[in-house]
1. Give me the tail of P(r) for region 259-303 as a percent: Cα-Cα pairs with distance above 14 Å.
2. Sort the following peptides by mean Cβ neighbour count (other Cβ atoms within 10 Å, averaged over residues), highest first: 273-280, 109-116.
3. How far apart, in nm, are the 7 Å Cα→Cβ label points at residue 166 and residue 304?
4. Of the peptides 362-369, 302-309, how do they stack up when ordered by the mean number of other Cβ atoms within 10 Å, highest first?
5. Hey, rough spin-label estimate for residue 397 and residue 261, points 7 angstrom out along Cα→Cβ, what's it come to in nanometres?
6. Over the Cα atoms of region 3-327, what radius of gyration and what Dmax do you get, in Å?
7. Given the Cα-Cα distance of residue 377 and residue 344 and 0.36 nm per residue of separation, how much length would full extension add, in nm?
8. Given a cut-off of 18 Å, what percent of all Cα-Cα pairs of region 201-350 lie beyond it?
C-alpha cells in the first residue's frame, strides 16, 4: 500500500469569520487541572497549557522532549515546543517538520488540535504499528502557541501591538524594489516571539511546516506578496509543489474540499490578498522549509463546542501533509567517495531542473524534496565532488521516489556511475515497484564550490 495512503488510513482508524472584536470579552477558564481527556472540551489557559505539556513530557518521555524556544514579549510565558520522535533530542537522518499554532492571539483552535495530535501519538505509539512508524520515521516539532500574550487578551497582535505575521523579514521589502531577496537575516526590529521562531527554524533542518489560523477555511501557499503589490497570483519557484501540498491537505478536509470561495480549498496567498512580512515566505527562502498556512475556521476563536468537529476535519489531513512533504516527492541520501575510502555523507546541494530554488541535504546526507507528481531531473552536487543527475518520476499515489547519490571525488572521475550504474535502477523497497531510475551520469560535470 502506498506510504501516504497507509498513514492516512491508519490515523482514520485511530482517531475516531468573525472580524476582530474592538472590545473583546475577557477569557474565563475552567481552573481545574488540565488533563488529556479535556483537550477537545475547552481551551487551556496559558498556565494549563504549560502544565499539560510538562505532564506530557513525563508521561511520554520515551518519545518526547519539551523545551522553550524563548519568551513572549511580556516575559511571562515560555514559548514551549514539543518534539515527538523515538529519539527526541538526537540529531539524526530523518525528516523534521514543525507545526505552529496561535500566531494570532484570537485564533486559538490550533492550540488544542496540536495537543490532541500529540496525545494520540503518545497513547497509540506502543500499540499501533502505523503510529509507531510515524513517530519512528519523523521528528515532529509542535509549537502550540506563538502568541500567549495575545491569547490571554483575546487580541490578534502580541503585547507590543505587533502582528506577528507581518513581522518577518520580507523577500520583497528586503530587495527594495529590485525583485526578490534571500537576504532575510534578523533586522533586530522583530518581536521576541518572531525572533525566537526565526532562530528555531534555522537551528533545525525542517522539511516542511504549517501555521494554523482562523477567519476562513482554506490551505494557503506562497507567495504571500507580489512584486507590484497588487492582488494577483504570485508564483514561487516551487509553485507546483506548494499547490500540490496544499491540495493534499484540502482534499482530506471536507470543509476545504467543499469550498465555494476557494476552488479545491486552496489559494495562492497574493491571489487572495497580498501581505508582507509573513512567516511562510520567510520560512521558504530563509530556512528551506516549505510551509503552508492553514485557515481552519470561518469564525475566529470558535466556541469550544466546535473543537471536536475541527479535529475530525483536520486529523487525516495533518498526517497526509507531513507524509507527502517528506516522502511523497524525491528523497534519499548523498554520499561521496574518494580513493576507495568508505563513503562519506555529504550536505550536498539538491537541484531540480526547471526550479530555481535549491535545497541542501543535512549533514547526514539525507534530503527530502517535496515535488508534485511528474517527471524531473534531480542533481546532487558538493564542493570537491563530481555532480550527478538522475531522472525520476514522482507517482500520483503519494509513494514518492527514493534516490541514492554516490558522488565520486573530482579526482576520481573513473568512479562515476557507481550509484547503480548509468541508466539502471537502484533497487529499494521504499521506492515502489521497479525501483528508482538510476543516474543519467552526465560526463565531465563537476560540482560547484
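1. Numbers: 607 of 990 pairs.
For region 259-303, the fraction of Cα-Cα distances above 14 Å is 61 percent.
2. 109-116, 273-280
3. 3.2
4. 362-369, 302-309
5. Label at residue 397, label at residue 261, 3.7 nm between them.
6. Gyration radius and largest Cα-Cα distance of region 3-327: 18.4, 56 Å.
7. My answer for the length gained is 9.5 nm.
8. 61
Laboratory data are not the source of any read-out in this text; all were calculated from the coordinates shown. These numbers were taken from a predicted model, which means no experiment stands behind them. Every residue, glycine among them, receives a Cβ derived from its backbone with ideal geometry; neighbour counts consider all protein chains shown.
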